[in-house]
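Note sheet for the following structure.
The values are calculated or read from the model by the stated rules, or taken from the named source; none is laboratory data. None of the values given here were measured: they were computed from a predicted structure. Heads up, the Cβs are rebuilt from the backbone with ideal geometry, glycines too, and the neighbour counts pull from every protein chain shown.
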Amino acid sequence: MEITLYSTFLDDKEIACKIYRMLANDILGEEQLEKIKLRYYDMYRNFFKYSKDEAEKLGLKNSVWKFSPGLEPFKPAGWKRYYEDTITVPIPITHSDFKDLTTRTEKRGAIGLDLPTWFNLKNNDKRIMLVAQDPLRGNIWYSDVNKFPKGKNGCKEDYICIDALVASPFGLHGKSWRDKKNGGGRMALLVEKLIEHGYGVYLTDCRKYFVYDHKESDIYSLKKKNIYKSILEKEIGIIKPDRVVAIGNQAYLYCNELIDNNSIVKYVPHFSGAATWKAKDFFKIPQKQKVSIAELAEKYAEHIVSICK
């Protein structure tokens, strides 16, 4: 699976240039174009690498993720309590549409952004867009001012990350996330199955920014709904998918609101371990019947292919 994914990962350079430009022009800010390119470069060259701590635990000291200068994990000066065991990195938000995330009176970090990824798009006009709801992040490492280190002086805002914490949908750029069979590993297997059926796959989020927690993200997304609509429509224009397949109920509802031609929008249950019962209902599998992740991934793939014809 890993070789199949890697050989097709970010394979279309023409699309890459358009996506880099879209991310700079519409989401992060033109000043961040070079960092966006570097981030994709890092995702590609580190496809089989782990964070430092994970590599050491696995006895793979030669398989440690290498960060480009200026794209390292968030490490606030003078704070011993930071999240180093990660391959998620901060990139400043300078775009006028989203600059408010960094200028709020009450600074609240854990601002998530997933850079879209794709597989097997080059020279392939059979394309599927898989859409998640939003780029979830945990605020305990990036914004939990209630656990501000005792005895530290200075402003609490110095210890809050107000940049975008950049990863990818379902974490498919990261080996450790793909190893997790209850999350990223399932999605990686689904992508592989779709490739076996001859399709190219593009992965993105319909709500571009996650902000601190679910409640605040819901409020923020409502304010930015028209902007998110424009961005998602641009992605569809670039990729030209046969279908937009929303992963989970919330993503499906949101995609239907954002996409004018919602006849191309289709639904599948979320493919996480916690949602297995929903998948069984959807595919009419008895709840007591055991089904392997591979078998379930094939059912997802066959269904998605069937709605693309």
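So, of the residues in region 41-85 that are surrounded by fewer than 15 Cβ atoms within 10 Å (Cβ to Cβ), aliphatic (A, V, I, L, M) and touching a Phe, Trp or Tyr at 6+ places or on another chain (Cβ under 8 Å), which turns out to be farthest from residue 12 (Cα to Cα)? Taking the candidates together, the pick is 58. A single member of 240, 215, 229, 223 is touching a helix residue (DSSP H, G or I) at 6+ places or on another chain (Cβ under 7 Å) and not β-branched (Val, Ile, Thr), and it is 229. Within region 3-12, does at least one residue satisfy the condition of being out of contact with any Gly (no Cβ under 8 Å at 6 or more places or on another chain), β-branched (Val, Ile, Thr), over 17 Å from residue 173 (Cβ atoms) and not in a strand (DSSP E or B)? The answer is no, given that none of the residues of region 3-12 is out of contact with any Gly (no Cβ under 8 Å at 6 or more places or on another chain), β-branched (Val, Ile, Thr), over 17 Å from residue 173 (Cβ atoms) and not in a strand (DSSP E or B).
You will find that of 38, 33, the residue that is crowded, with 16+ Cβ neighbours inside 10 Å, without any contact (Cβ under 8 Å) to a residue 60 or more places away in the chain and farther than 21 Å from residue 132 by Cα is 38 and no other.
Surrounded by 15 or more Cβ atoms within 10 Å (Cβ to Cβ), modelled with pLDDT under 80 and not aromatic (Phe, Trp, Tyr): is that true of residue 147 in this structure? Here the answer is no, as residue 147 does not meet what is asked.
Every listed requirement among (1) assigned to a loop (DSSP other than H, G, I, E, B); (2) of a type outside the set (Phe, Trp, Tyr); (3) under 26 Å from residue 17 (Cα atoms) is met by residue 191 save one, (1). A search for C-beta distances below 8 Å between a residue of region 82-101 that is assigned to a strand (DSSP E or B) and any residue that is β-branched (Val, Ile, Thr), counting only pairs 6+ apart in sequence or on different chains, returns 89/166; 90/166; 91/36; 91/166. The condition (being of a type in the set (Val, Ile, Thr), surrounded by 15 or more Cβ atoms within 10 Å (Cβ to Cβ) and at pLDDT below 90) is satisfied by just one residue among 160, 93, 111, 128: 160.
Scanning region 291-307 finds one or more residues that are out of contact with any Ser or Thr (no Cβ under 6 Å at 6 or more places or on another chain), hydroxyl-bearing (Ser, Thr, Tyr) and within 20 Å of residue 118 (Cβ to Cβ).
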